[in-house]
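As structure tokens, the structure follows; a few thoughts come after it.
The values are calculated or read from the model by the stated rules, or taken from the named source; none is laboratory data. All figures in this text were calculated on a predicted structure; none of them were measured in a lab. Because the Cβ atoms are built from the backbone with ideal geometry, glycine has one as well, and the counts that use them run over all protein chains shown.
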Amino acid sequence: MFTWTSRPLAAAFAPLLLAGCLDGFGQGREAVEVVRVLDGGVAIGGPAGYCVDPVGTRDNADGAFVLLGSCAALSGDGAARHPGHLAVLTASVTPRAGGPAVAEIAEEMAAHFASEAGRAMLSRSGRAETVTLRAVEAQEGALSLHVSDSSDFAGPEVAQDYLRAVFDLGDSIVMLSVVPLAAQPMEPQAVQALLDAFRDRVLRENP
């Protein structure tokens with residue numbers, strides 16, 4: 001029987017500690033378009049105008065967290081590419097390690113994240129009361145979530161509402177997030193389009 005405390009999927013949805021990862025984000029750091037994680041097994045890249053922040057990226061045997069932002073902001077080079085819509089992008093990559101694929105249990109996952117325990121897992125602070133799950137959809141073997149999180153964190157001020165997508169990639173589970181900046185609101189359609197472009201880029205980098 002599937003349980004959230006004993007499977008790697010639980011780790012994939014653990015709080016992303018976005019506060020620490022965003023601390024000092026975008027201060028003239030080296031900007032690269034693609035990074036390989038999990039011993040080179042998975043490549044993560046963003047949509048046009050987005051680059052990887054190596055300082056905000058973590059990679060170990062248990063999984064990887066990749067932070068992406070504007071190539072121009074990260075490099076401090078005004079001539080570098082700017083994204084059409086500016087947001088904070090993150091990717092979490094977790095080895096499945098023999099656990100079930102997202103495609104196999106997408107409906108069960110959707111039900112779980114509507115529960116108090118599931119909302120606590122989605123919360124940046126680990127507190128269910130900070131999270132409202134506005135929409136969750138299991139479709140074509142993937143999971144899409146519209147999340148509202150009121151948790152406080154360091155770094156640039158971001159909107160409470162953001163989108164996540166979860167899908168299988170080989171023997172790993174990938175979770176992508178698009179978090180708009182509070183100072184630069186985005187229409188829901190634009191956030192979804194950016195998430196779709198993010199997923200398309202990751203899939204292209206991992207044929």
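Would you check which residues across region 33-68 are of a type in the set (Val, Ile, Thr), under 18 Å from Phe167 (Cα atoms) and in contact with a helix residue (DSSP H, G or I) (Cβ under 7 Å, 6 or more places away or on another chain) and list them? I'd like the intermediate steps shown before the answer.
Taking region 33-68 and keeping what is of a type in the set (Val, Ile, Thr), we get 34-35, 37, 42, 44, 52, 55, 57, 66.
Of the ones still in play, those that are also under 18 Å from Phe167 (Cα atoms) are 37, 42, 44, 66.
Within region 33-68, Ile44 is the sole residue that qualifies.
What are the residue pairs meeting all of these: first residue in region 107-122, first residue without any contact (Cβ under 8 Å) to a residue 12 or more places away in the chain, second residue in a helix (DSSP H, G or I) and surrounded by 13 or more Cβ atoms within 10 Å (Cβ to Cβ), Cβ atoms under 8 Å, and 6 or more apart or on different chains?
Cβ pairs passing all conditions: Ala120/Ala128.
Here are some residues: Arg119, Arg127, Arg204, Arg134. Which one is among the basic types (Lys, Arg) and closer than 16 Å to Gly45 by Cα? Give the steps one after another, and end with the answer.
Working: Arg119 fails: closer than 16 Å to Gly45 by Cα; Arg127 fails: closer than 16 Å to Gly45 by Cα; Arg134 fails: closer than 16 Å to Gly45 by Cα.
After ruling out the rest, the residue left standing is Arg204.
All but one of (1) buried (at least 17 other Cβ atoms within 10 Å of the Cβ); (2) touching a residue at least 40 places away in the same chain (Cβ under 8 Å); (3) among the hydrophobic types (A, V, I, L, M, F, W, C); (4) in contact with a helix residue (DSSP H, G or I) (Cβ under 8 Å, 6 or more places away or on another chain) hold for Val147; state the number of the condition that does not hold.
Just one mismatch for Val147, condition (2).
Condition first: aliphatic (A, V, I, L, M) and not in a strand (DSSP E or B). Now tell me which residues in region 76-103 satisfy that. It would help to see each step written out before you state the result.
Step one: list which residues in region 76-103 are aliphatic (A, V, I, L, M), which gives 79-80, 86-89, 91, 93, 97, 101-103.
Passing the criteria: Ala79, Ala80, Leu86, Ala97, Ala101, Val102, Ala103.
Could you check region 143-157 and list, in sequence order, the residues that are assigned to a strand (DSSP E or B) and either over 14 Å from the mean Cα position of the chain (by Cα) or over 20 Å from Arg199 (Cβ atoms) (or both)? Full working, then the answer.
Our first condition is that a residue be assigned to a strand (DSSP E or B); within region 143-157, this holds for 143-149.
Within region 143-157, Ser148, Asp149 qualify.
Which condition does Val136 not pass, out of (1) in a loop (DSSP other than H, G, I, E, B); (2) in contact (Cβ under 8 Å) with a residue 24 or more places away in the chain, if it passes all the others?
Among (1) in a loop (DSSP other than H, G, I, E, B); (2) in contact (Cβ under 8 Å) with a residue 24 or more places away in the chain, Val136 violates only (1).
Return yes or no: is Gln184 surrounded by fewer than 21 Cβ atoms within 10 Å (Cβ to Cβ) and either in contact (Cβ under 8 Å) with a residue 24 or more places away in the chain or in contact with a Cys (Cβ under 9 Å, 6 or more places away or on another chain) (or both)?
On the way: surrounded by fewer than 21 Cβ atoms within 10 Å (Cβ to Cβ): yes; either in contact (Cβ under 8 Å) with a residue 24 or more places away in the chain or in contact with a Cys (Cβ under 9 Å, 6 or more places away or on another chain) (or both): yes.
In short, yes.
Within the bounds of region 126-134, is there any residue that is basic (Lys, Arg), in contact with a strand residue (DSSP E or B) (Cβ under 8 Å, 6 or more places away or on another chain) and surrounded by 15 or more Cβ atoms within 10 Å (Cβ to Cβ)? Can you show your working first?
Pass one, region 126-134, residues basic (Lys, Arg): 127, 134.
Those left that are additionally in contact with a strand residue (DSSP E or B) (Cβ under 8 Å, 6 or more places away or on another chain): 134.
In the following step, the residues that additionally are surrounded by 15 or more Cβ atoms within 10 Å (Cβ to Cβ) were identified as none.
Checked against the condition, which is being basic (Lys, Arg), in contact with a strand residue (DSSP E or B) (Cβ under 8 Å, 6 or more places away or on another chain) and surrounded by 15 or more Cβ atoms within 10 Å (Cβ to Cβ), region 126-134 yields no hits at all.
Just to be sure, is Glu140 modelled with pLDDT under 90, acidic (Asp, Glu) and more than 18 Å from Leu68 (Cβ to Cβ)? Give the derivation first.
Working: modelled with pLDDT under 90: yes; acidic (Asp, Glu): yes; more than 18 Å from Leu68 (Cβ to Cβ): yes.
It is true that Glu140 is modelled with pLDDT under 90, acidic (Asp, Glu) and more than 18 Å from Leu68 (Cβ to Cβ).
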